[in-house]
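Here the structure comes first, spelled out in structure tokens, and everything after it is commentary.
The values are calculated or read from the model by the stated rules, or taken from the named source; none is laboratory data. Given the structure is predicted, the values throughout are model-derived calculations rather than measurements. Note that we place each Cβ from the backbone using ideal geometry, even for glycine, and neighbour counts take in every protein chain shown.
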């Protein structure tokens, strides 16, 4: 099994340690992981702004980088959702279809494809609130949604539950958007920051020590709000916890 | 908190300057700055959302109901002309006068003419979003007809000369102190008495005389039943029944998309409507008007006003399934924090984001961006409108029409170029401390540090993932970065 690893642009620039945890975690499962060096972005900022034309070259580059792999894995539900559901700016060739149908978010890949049963190297004796990125939650179906009448399920929780010592706490509004929203965070700054502060307060009131998510982008925003508010919550990507890099 | 609510001025809505693009964010920021109002608004609507969830959990077949409702609406939209004609035929048989209006102007004129033909000088009306959409009240007032709203929330908004901020709870953005102030000014209520019971009672007492003496009554319509030619109106105050039955002339104004084929379909929607809207099993009053009251006259004005144009746009057609329950507003995290009046449009919140640009893409070009695309709206929607997908589709449509703001255009063009060039991209993100100069491409670019004003900036790491990978996996051989 050869896996092409995609590291989102903001993670490449701002949170390389999450990328490192992801790569090392995948390697623990005897997966051959290749990181195509000429990768950049999934195209989401342009697509979500309505700029399909501007997204097309980025999407074409993505496909060029990843078409040859059995699976494409990325530690971001949001980017996966973009590739799987919104990569429409380019002609839908067989290559493009292959990439779109073989792209997985890290949580899905561990949970649905590798079906990982244990993370014996990890240990996390903390109270944890899970944050669901909206694209991961409602686009990829990482977990059941509070809006729907459906049985509870949560892929991130299923994975985290396998870690020694971990304890979960619940938020009042478990799947309310945190207000990051990609370019929304800057184009609609006032509402974005207000949503972020409300999210942080909910997390604090839940008694959580850590907030864990499959998406660093939301966490960057929440962490920025928490720091500004002087609230000492800690934020970690699920890859860092599953790989035992943060304990 | 109570003290704050009493002290704080009610924040007002978006500043409207003709067809100039509405600045939703500017109004939202003022709403957020009114902290007590914002918190009250967020909590009130979230409470409705929670009540809706409780109702949903009490109905095992909830998701099947939603699918059924969506299918009935889709089917009806595919055969809209046929069902409308069936309705017209049956309504006429019932003794109802049926009128067709292609747009707001025609609708207003038809209604004005009916009133003039009856020498009617006063009209009582229950809440009608279509009336708001068509600007009916100002039109009639100009024609010399006094219009009094009979729905409590709508009446408050009328007295305050402000639009409704929500399709179901029009004054939800006002505190009771705000309402008291309006009533003191306009209804001569006791100053400082903000007791809810007193205020509701005072409004009732002062509105009753208008109801008893009105020449004509008007209602909207939640559903038109084609096979019976009847109009169904759902309210909680019973004011629609007063408006319809007290005067001898009853005018209904209703959008053509409100039609459903059969009585048996009505049950599906009645089960969904109030549960989705307010989290109650049913509205207090579900009134079924099949014809004029004895000795009276009943008119139904079927209004298009852009609906058949929307019907012809596959991307946006599903918006016509809307039953105006407001569930998408209650769940929308942006709406709850911005207030409905920030949208500067009759329809606010997620449904407003997809309906408003259809009326005027230039004026409402900013609205589809007032969303994080989180998708909660689409999943509470009782008729399964793909709201967040349509919001995204509108962004694309606006870009095609040249309606993106200059900053969005410039940034996206630059970003698209940068991301298509791996070498340039690596250089850009490799700049260490200077990273914030580039991060701006999607974070702070050209916007006076929009990230950092209210949030701390992430610390720039010493190296990028690219450079780490090159060092550890490629023996340092990659390229310059």
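A compact table of results
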{"quantity": "Subset tally (residues that are outside any helix (DSSP H, G or I) and exposed (fewer than 14 other Cβ atoms within 10 Å of the Cβ)) for segment A:87-120", "calculated": "7"}
{"quantity": "Only one of B:78, B:161 that is farther than 30 Å from residue B:385 by Cβ, without any contact (Cβ under 8 Å) to a residue 24 or more places away in the chain and loosely packed, with under 15 Cβ neighbours inside 10 Å", "calculated": "B:161"}
{"quantity": "Test for residue B:38: is it in the same structural domain as residue B:256 (by TED's automatic domain parsing), free of Cβ contacts under 8 Å to residues at least 60 places away in the same chain and surrounded by 14 or more Cβ atoms within 10 Å (Cβ to Cβ)", "calculated": "no"}
{"quantity": "Among residues of segment A:17-38, those that are within 7 Å of another protein chain (Cβ to nearest Cβ) and closer than 27 Å to residue A:118 by Cβ, counted", "calculated": "3"}
{"quantity": "Among (1) in contact (Cβ under 8 Å) with a residue 60 or more places away in the chain; (2) not in a strand (DSSP E or B), the one test that residue B:374 misses", "calculated": "(1)"}
{"quantity": "For residue B:354: the one exception among (1) touching a helix residue (DSSP H, G or I) at 6+ places or on another chain (Cβ under 6 Å); (2) more than 8 Å from every other protein chain (Cβ to nearest Cβ); (3) in a loop (DSSP other than H, G, I, E, B)", "calculated": "(3)"}
{"quantity": "Unmet criterion (only one of (1) in the same structural domain as residue B:166 (by TED's automatic domain parsing); (2) surrounded by 18 or more Cβ atoms within 10 Å (Cβ to Cβ); (3) closer than 29 Å to residue B:365 by Cα) for residue B:11", "calculated": "(1)"}
{"quantity": "Lone qualifier among A:67, A:57 - being surrounded by fewer than 24 Cβ atoms within 10 Å (Cβ to Cβ), more than 12 Å from chain B (Cβ to nearest Cβ) and in contact with a helix residue (DSSP H, G or I) (Cβ under 7 Å, 6 or more places away or on another chain)", "calculated": "A:67"}
{"quantity": "Residue list for segment A:121-146, filter: part of a loop (DSSP other than H, G, I, E, B), buried (at least 21 other Cβ atoms within 10 Å of the Cβ) and either out of contact with any helix residue (DSSP H, G or I) (no Cβ under 7 Å at 6 or more places or on another chain) or without any contact (Cβ under 8 Å) to a residue 24 or more places away in the chain (or both)", "calculated": "A:132"}
{"quantity": "Subset of segment B:53-75 [loosely packed, with under 14 Cβ neighbours inside 10 Å and outside any helix (DSSP H, G or I)]", "calculated": "B:58, B:60, B:61"}
{"quantity": "Criterion (in contact with a strand residue (DSSP E or B) (Cβ under 7 Å, 6 or more places away or on another chain), at pLDDT 95 or above and either in the same structural domain as residue B:175 (by TED's automatic domain parsing) or within 22 Å of residue A:177 (Cβ to Cβ) (or both)) met by exactly one of B:51, B:92, B:102, B:73", "calculated": "B:92"}
{"quantity": "Tally of residues being within 22 Å of residue B:457 (Cα to Cα) and assigned to a helix (DSSP H, G or I) across segment A:6-59", "calculated": "13"}
{"quantity": "Residue list for segment B:262-282, restricted to those being in contact (Cβ under 8 Å) with a residue 60 or more places away in the chain and either touching a strand residue (DSSP E or B) at 6+ places or on another chain (Cβ under 7 Å) or outside any loop (DSSP other than H, G, I, E, B) (or both)", "calculated": "B:265, B:268, B:269, B:271, B:272, B:273, B:275, B:276, B:277"}
